[in-house]
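Report on the structure given below.
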């Protein structure tokens, strides 16, 4: 009789351990999948914002050298719920979201144009202006 009770308790403990193991494995799998998906979405959104800004820079550079030009670019205020910083200097555009930085090189503009400035995404716009010579 004692042996039967011990066997039932052992089976219940074993069943509990197996259930917890399955739960933890499933949780870890979905957590890993979610992190991977979030990282990929962050990269896609940063690329979209970066390309939008680069296209604005290209458009403003197409205007005549002696022309004063201003362009306003609307940007999202957050990427995956986080604000980000956009910085521009002579040869690169940098987008920084919570310490993750992505840099885009500006090729072919360094000799004719001087770029500088930075802004937080919470402003929702980037104002780029070009002074004519």
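Values quoted throughout were computed directly from the atomic coordinates according to the rules given, and no laboratory measurement underlies them. Only a predicted model underlies this, so the values are computations on that prediction, with no experimental measurement involved. Virtual Cβ from ideal backbone geometry, glycine too; neighbours counted across all protein chains shown.
General observations
- Members of the range 77-105 that are under 23 Å from residue 130 (Cα atoms) and surrounded by 12 or more Cβ atoms within 10 Å (Cβ to Cβ): 85, 86, 87, 88, 89, 91, 92, 93, 94, 95, 103, 104
- Members of the range 60-75 found to be surrounded by 13 or more Cβ atoms within 10 Å (Cβ to Cβ) and within 18 Å of residue 117 (Cα to Cα), listed by number: 60, 61, 69, 71, 73, 75
- With respect to being part of a helix (DSSP H, G or I) and exposed (fewer than 10 other Cβ atoms within 10 Å of the Cβ), residue 4 fits the description.
- Counted residues, the range 108-130 - those being more than 23 Å from residue 44 (Cβ to Cβ) and not in a strand (DSSP E or B): 9
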